[in-house]
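The values are calculated or read from the model by the stated rules, or taken from the named source; none is laboratory data. Not measured: the values here are computed from a predicted model. Backbone-built Cβ (ideal geometry, glycine too); neighbour counts: all protein chains shown.
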Amino acid sequence: MAKRIDLIMFDFDGTLADSLPAAIKAIRQMLSELGYPAKTESEIGRHVGFGEIPLVAGAIGTQAESKIKAAQAVYYKHNLENIKNVELYPHVKEALEFFKDKTKIIISNKRDEFIHAILKIRGVDHYFKEVIGGDSSACLKPDPCVINEALKRYKVKPDNALLVGDMTIDIETGRNAKVLTCAVTYGFEPAEKLKQCRPDFLINDILELKEFIR
């Protein structure tokens, strides 16, 4: 049965954009440039989705602030070069066009600058009312403060808001804010792990949103 949704909140990495290859490449370039040991894709991937600082810190294997800041600068440089190759997932443009009259925002732990750049390159920036990234929000997922503020700003009740994401941290964030949640199975975490988190909806293609949003 279709549900009235007045605010659609999207995660970015793994939900709208297939940005993992670009991030992994940038981390490897950073490690090489700074003389750190090389890491496998799986070693880097386990730190993806929680923001750039945890990603960089996990890759270099330290919590020392000065080393993280130095590595961040190198990572940002390479990632800005790599994001021009980031593609949207299949049918993302079609879904955004279908829901063009719905209020849509992005809530991500990713740096705002990277999100805006990819959206502009792929020609979909005009579909979103707002982008709230990891460096402009008051908190990071799974803290629900960003969602709570968005609900107030757009005057939407939790029952009429939906968070779409590809990781358990997204579902946890939505649940913490008491909004509806939808997990996509084509992103960074496997379907079985997402099912265990019990999202309200589980989809294999973003166009399936049409089946339950009105």
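The combined condition, being surrounded by fewer than 17 Cβ atoms within 10 Å (Cβ to Cβ), of a type outside the set (Asp, Glu) and at pLDDT 95 or above, is fulfilled by Ser32. One residue alone among Val92, Val74, Val56 is farther than 24 Å from Gly165 by Cβ and crowded, with 17+ Cβ neighbours inside 10 Å, and that residue is Val74. Looking for something outside any loop (DSSP other than H, G, I, E, B), acidic (Asp, Glu) and not assigned by TED's automatic domain parsing to the domain that holds Arg46 - is there at least one such residue anywhere in the stretch 98-111? No. Any residue at all in the stretch 92-107 that is within 17 Å of Gly51 (Cα to Cα) and at pLDDT 95 or above? Within the stretch 92-107 (the criterion being within 17 Å of Gly51 (Cα to Cα) and at pLDDT 95 or above), the answer is yes, since at least one residue qualifies. Do we have any residue at all in the stretch 21-29 that's in contact (Cβ under 8 Å) with a residue 24 or more places away in the chain, of a type in the set (D, E, K, R) and under 22 Å from Tyr186 (Cα atoms)? Within the stretch 21-29, one or more residues are in contact (Cβ under 8 Å) with a residue 24 or more places away in the chain, of a type in the set (D, E, K, R) and under 22 Å from Tyr186 (Cα atoms).
Glu149 meets all of the listed conditions (1) in a helix (DSSP H, G or I); (2) surrounded by fewer than 23 Cβ atoms within 10 Å (Cβ to Cβ); (3) touching a residue at least 24 places away in the same chain (Cβ under 8 Å) but one, namely (3). Return yes when Tyr127 is surrounded by 18 or more Cβ atoms within 10 Å (Cβ to Cβ), at pLDDT 95 or above and farther than 19 Å from Gly49 by Cβ and no when it is not. Taking the combined requirement at face value, the residue satisfies it.
Applying the set (1) more than 26 Å from Glu87 (Cα to Cα); (2) in contact with a Ser or Thr (Cβ under 8 Å, 6 or more places away or on another chain) to Glu172 leaves exactly one unmet item: (2). Do we find that Gly174 is assigned by TED's automatic domain parsing to the domain that holds Thr103 and crowded, with 16+ Cβ neighbours inside 10 Å in this structure? So Gly174 fits the description; yes.
Scanning the stretch 163-179 for residues that are touching a Gly at 6+ places or on another chain (Cβ under 7 Å) and part of a strand (DSSP E or B) yields a total of 1.
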